[in-house]
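These notes concern the structure reproduced below.
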Amino acid sequence: MKQLNSIIDRSLPGLPPFLCRELNIGHERLQFYHRDTLQCIRSLFGDPNLMQHLAFAPEQHYTDHEQTCRILSEMYTGDWWWSKQVRTINFQ
């Protein structure tokens, strides 16, 4: 596992390193590997090569020009994101 983490860290520059936490579950001691979520978000949003793939606002996509059949394919195309965006705008 350490070797795999090392390869990933070297191959993906800019990402924060893996952290290891040990958990005791029942009578087992387990190792849990993770990255700091906020550091990952900073890394992703700070990479100009990824900007074209990131969504910053909700979108609605349809299969036809009459907009009778909506496509829900990504989180930013769903109703939840729309409701959160409207809520944020209304409180500002």
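The values are calculated or read from the model by the stated rules, or taken from the named source; none is laboratory data. Fair warning: this is a prediction, and the values are worked out from it, not measured in the lab. Positions of Cβ are generated from backbone atoms using ideal geometry, with glycine treated the same way; all protein chains shown enter the neighbour counts.
Here is how the numbers come out for the structure above:
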| quantity | calculated |
| --- | --- |
| Test: residue in the range 73-82 that is part of a strand (DSSP E or B) and more than 17 Å from the chain's Cα centre (by Cα) | no |
| Residue in the range 40-48 that is in the same structural domain as residue 16 (by TED's automatic domain parsing) and assigned to a loop (DSSP other than H, G, I, E, B) present | yes |
| Check on residue 10, loosely packed, with under 10 Cβ neighbours inside 10 Å, in contact with a strand residue (DSSP E or B) (Cβ under 7 Å, 6 or more places away or on another chain) and either at pLDDT 95 or above or not aliphatic (A, V, I, L, M) (or both) | no |
